[in-house]
Each structure stands twice: as structure tokens, then as C-alpha cells.
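Following: one structure in C-alpha cells, then a few remarks.
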Amino acid sequence: LTLRNGTRLSRFAYPDYYDSYFYGLVTNPGEVVLAVEDYPEVYTYLANNTDFVAKFETGPVAHTALFGVSLERQRRALNNGGYGELGSFTPDAFPPVPRDITTVPGFSRYSAVNTEQSLGLFIQDQLE
């Protein structure tokens, strides 16, 4: 009987991810809303796999049996992100997006954390 274990940890950050986009038609036909967002995000991923491996024979058939567990956790943290709307415009009259988007009227900041976790169990018999 053999015990195997593997652990992975990764972390990466987008300190100044910036986006501007258009969405939806508003009350005036042909106009769209121009919005801006700021996403300083940090992702952390942790995974651990532990399994037991047993090799044995039943007559002429060789077996490799596996039993194990897998644990995973992913966390996304948004620290002081922001959102604002420049207003409604026709496509031919879009204003320039300001370099400092915090000057956009109604720009607001927010923070959030999203965590996902999973647990997996497995059993397998490989025949040779």
C-alpha cells in the first residue's frame, strides 16, 4: 500500500485592471450607457489530492486499486473596486473615458470576497 499526496497553491493579482463598456438601450432610441469599472483583484487557489494505491493480483489478473480524496478552494478578493456611468450617448458622440475614473459622476467603491470549495472522493480499480 502506497500513500501519495500532492498540494498546489497559486496566487495572482490584477492590481489595476480597468474596463469601460457599453450596455443596454436607454429611454432614448439609439443611445447606450457608457460605464467604467476598476477591478483590483487577487485570486488564491489551493488544492490537495491524497490517495492510496494498492497493487495485487487475483489469479492471472493484476490490479492497481486507487482510493482518494481531493480538496480544492478558490478565493477571489476584490479590494476597493469601483463602478460609474458616464451617461447615455449616441454611438457617434461617445466622450473620452477619463484617465482617473474616480472623477466619473456617481463613481462608487466596493469590496467583495467570493470563496468556492469542493470535496471529491474517488475509487478506481485498474485491471491488467
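Nothing in this text is a laboratory measurement; each read-out follows from the coordinates by a stated rule. Bear in mind the structure is a predicted one, so any value in this text is a computation, not a measurement. Virtual Cβ from ideal backbone geometry, glycine too; neighbours counted across all protein chains shown.
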Interchain or long-range residues, amide H under 5 Å from L86's placed H: L34, A35, V36
Just subtract the alpha-carbon distance of T58 and V42 from 0.36 nm times their residue separation and send over the number in nm, one decimal. 0.6 nm
Can you figure out the FRET efficiency of L71 with L1, using R₀ = 30 Å and their beta-carbon distance, to the nearest 0.05? 0.90
